[in-house]
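The structure appears right after this line, and notes come after that.
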Amino acid sequence: MKVGVPKEIKTHEYRVGLTPGAVREYVAAGHSVLVETKAGAGIGATDDEYRKAGATILDSAREVFASSEMIIKVKEPQSSEWAQLRENQILFTYLHLAPDPEQAKALLTSGCTAIAYETVTDAHGGLPLLAPMSEVAGRLAIEAAGSALKRYAGGRGLLIGGVPGVQPARIVVIGGGVVGTHAARMAAGLGAEVTILDRSIRRLRELDELFEGRVRTRFSTIDAVEEEVFAADVVVGAVLVPGASAPKLVSRGMLSSMRKGSVIVDVAIDQGGCFETSRPTTHADPTYEVDGIIHYCVANIPGAVPLTSSQALNNATLPFGLALAKQGFAAVLEDPHLRAGLNVYRGRLTYRAVAESLGLPFLPIEQAAA
């Protein structure tokens, strides 16, 4: 199969769909890999490194899209890329379609087969292609909060871990999944006072054992969310409903009862965000203020550390990508975990949560491919 890797064009997105090491794996398996020139610049990988790995370097993204049977990216295709997708072409990347009707419409119109990293599953019920970026995003969320808390950035002027004799920052993490766990791990490691809210008693027990009392756990109710958010210096939104829009757990009205200069970090922004006042930002302009509360809502947080992120992502995506390259669409039909990643097929939405979030018709793949 001809596998294409265009350069990422989202603002301050430095990751790359395939590293040179991953390219070697595809080439060794008998596939051709077409890489846009300078696609790996963000991770310090040169065109010569890709050539040594066996890739063919092309001068433009247009050539890559036109010549490839499968496109492997990191972030969702941008508007200039939508028109370059075509019928029967496989797109393998993060999509986050639920809060993005324009992208969804474009993918439906293209006729392509779009498989979303964020909904591919594994035998343990996890999301193996989302997990590595969630780990990175959770840890970076605390770094971002520490910067936003500084007085010159509009924050309260707090050091997350405090110093002897001075109380540390109080950090509340809403959601005890991968993002929330890694955010809590980072925050606790810095000496913050940390509380995790979740609606799964089982998960709260696991977190309690994991952190051995260094982090408070609390069942998430309306009352609990209000009490914790109002007393927090930092609130990290780490809620995930696979494929669907994130629920809005903090309203604008609640901001008036929060501490002025406190910080919201909405890691769920890719799925629409879990705070009513959230809107996507970029690494170039990451924060804004609403009612005295600093909002950090960067939609590609792991893009800030592209070398770590690209390597971690490639480690996770490689077996799935190789299966697609070997079998084409048949791999989706044969592997239930890849099938869970299928969001769009020949002009139909094949992932129920996405269709329901967008208010569009849903057609199971069994019917769409019949």
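For first residues located in segment 152-163 and over 14 Å from residue 292 (Cβ atoms) and surrounded by 15 or more Cβ atoms within 10 Å (Cβ to Cβ), partners that are among the charged types (D, E, K, R) and at pLDDT 95 or above and lie 6+ apart or on another chain with Cβ distances below 8 Å form the pairs 158/233. Applying the set (1) assigned to a strand (DSSP E or B); (2) closer than 30 Å to residue 69 by Cβ to residue 331 leaves exactly one unmet item: (1).
Tell me the residue from 102, 135 that is among the charged types (D, E, K, R), in contact (Cβ under 8 Å) with a residue 60 or more places away in the chain, touching a helix residue (DSSP H, G or I) at 6+ places or on another chain (Cβ under 9 Å) and surrounded by fewer than 21 Cβ atoms within 10 Å (Cβ to Cβ), please.
Values: 102 fails: in contact (Cβ under 8 Å) with a residue 60 or more places away in the chain.
One residue alone meets the criteria, 135.
Can you find a residue that is free of Cβ contacts under 8 Å to residues at least 40 places away in the same chain, surrounded by 21 or more Cβ atoms within 10 Å (Cβ to Cβ), hydrophobic (A, V, I, L, M, F, W, C) and within 30 Å of residue 104 (Cβ to Cβ) anywhere in segment 225-235? Looking for residues that are free of Cβ contacts under 8 Å to residues at least 40 places away in the same chain, surrounded by 21 or more Cβ atoms within 10 Å (Cβ to Cβ), hydrophobic (A, V, I, L, M, F, W, C) and within 30 Å of residue 104 (Cβ to Cβ), one finds none in segment 225-235, hence no. Annotation: of all residues in segment 98-138 being hydroxyl-bearing (Ser, Thr, Tyr) and under 27 Å from residue 181 (Cβ atoms), the one that is nearest to the chain's Cα centre (by Cα) is 134. Restricting attention to segment 54-96, the residues that are over 22 Å from residue 18 (Cα atoms) and within 16 Å of the chain's Cα centre (by Cα) total 0. Each residue in segment 14-36 was checked for being closer than 24 Å to residue 282 by Cβ and either of a type in the set (S, T, N, Q) or touching a Phe, Trp or Tyr at 6+ places or on another chain (Cβ under 6 Å) (or both), and 1 pass. Hey, does segment 239-254 have a residue that's buried (at least 20 other Cβ atoms within 10 Å of the Cβ) and either charged (D, E, K, R) or closer than 20 Å to residue 167 by Cβ (or both)? No, that holds for no residue.
Could you say whether any residue in segment 61-69 is farther than 22 Å from residue 341 by Cα, buried (at least 18 other Cβ atoms within 10 Å of the Cβ) and touching a helix residue (DSSP H, G or I) at 6+ places or on another chain (Cβ under 8 Å)? Yes.
Determine whether segment 152-169 contains at least one residue that is closer than 25 Å to residue 305 by Cβ, of a type outside the set (Gly, Ala, Ser), part of a helix (DSSP H, G or I) and out of contact with any Ser or Thr (no Cβ under 6 Å at 6 or more places or on another chain). Scanning segment 152-169, I find at least one residue that is closer than 25 Å to residue 305 by Cβ, of a type outside the set (Gly, Ala, Ser), part of a helix (DSSP H, G or I) and out of contact with any Ser or Thr (no Cβ under 6 Å at 6 or more places or on another chain), so the answer is yes.
Picking from 8, 49, which residue would you name as being of a type outside the set (Gly, Ala, Ser) and within 20 Å of residue 316 (Cα to Cα)? It would help to see each step written out before you state the result.
On the way: 49 fails: within 20 Å of residue 316 (Cα to Cα).
Sole residue among the options that is of a type outside the set (Gly, Ala, Ser) and within 20 Å of residue 316 (Cα to Cα): 8.
Within segment 31-45, can one find any residue that is touching a residue at least 60 places away in the same chain (Cβ under 8 Å) and closer than 21 Å to residue 324 by Cα?
Keep residues of segment 31-45 that are touching a residue at least 60 places away in the same chain (Cβ under 8 Å), which gives 31, 42-44.
Subsequent filtering for residues that are closer than 21 Å to residue 324 by Cα retains 31.
Yes, the conditions are met somewhere in segment 31-45.
I'd like to check something: does segment 251-266 contain any residue that is outside the structural domain of residue 343 (by TED's automatic domain parsing), in contact with a Cys (Cβ under 6 Å, 6 or more places away or on another chain) and closer than 22 Å to residue 355 by Cα? No, segment 251-266 contains no residue that is outside the structural domain of residue 343 (by TED's automatic domain parsing), in contact with a Cys (Cβ under 6 Å, 6 or more places away or on another chain) and closer than 22 Å to residue 355 by Cα. Within segment 1-55, which residues are modelled with pLDDT of 95 or more, of a type in the set (S, T, N, Q) and touching a strand residue (DSSP E or B) at 6+ places or on another chain (Cβ under 9 Å)? Selection gives 32, 37. Looking at segment 13-109, the strands (runs of 3 or more DSSP E) lying wholly inside it that each contain 2 or more residues that are more than 28 Å from residue 368 (Cβ to Cβ) sit at 32-36, 56-58. Residue count for segment 259-283 under the criterion of being in contact with a Ser or Thr (Cβ under 6 Å, 6 or more places away or on another chain) and surrounded by fewer than 17 Cβ atoms within 10 Å (Cβ to Cβ): the result is 2.
Note on segment 42-53: residues that are within 28 Å of the chain's Cα centre (by Cα) and under 17 Å from residue 4 (Cβ atoms) total 4. Residues in segment 312-334 that are over 20 Å from residue 31 (Cα atoms) and either hydroxyl-bearing (Ser, Thr, Tyr) or surrounded by fewer than 17 Cβ atoms within 10 Å (Cβ to Cβ) (or both): 333, 334.
With respect to the conditions (1) in contact (Cβ under 8 Å) with a residue 60 or more places away in the chain; (2) β-branched (Val, Ile, Thr); (3) over 14 Å from residue 4 (Cα atoms), residue 71 falls short on a single one, namely (3).
The values are calculated or read from the model by the stated rules, or taken from the named source; none is laboratory data. What you see is a predicted model, and the numbers here were worked out from it, not measured in a lab. Cβ atoms come from the backbone with ideal geometry, glycine included; neighbour counts cover every protein chain shown.
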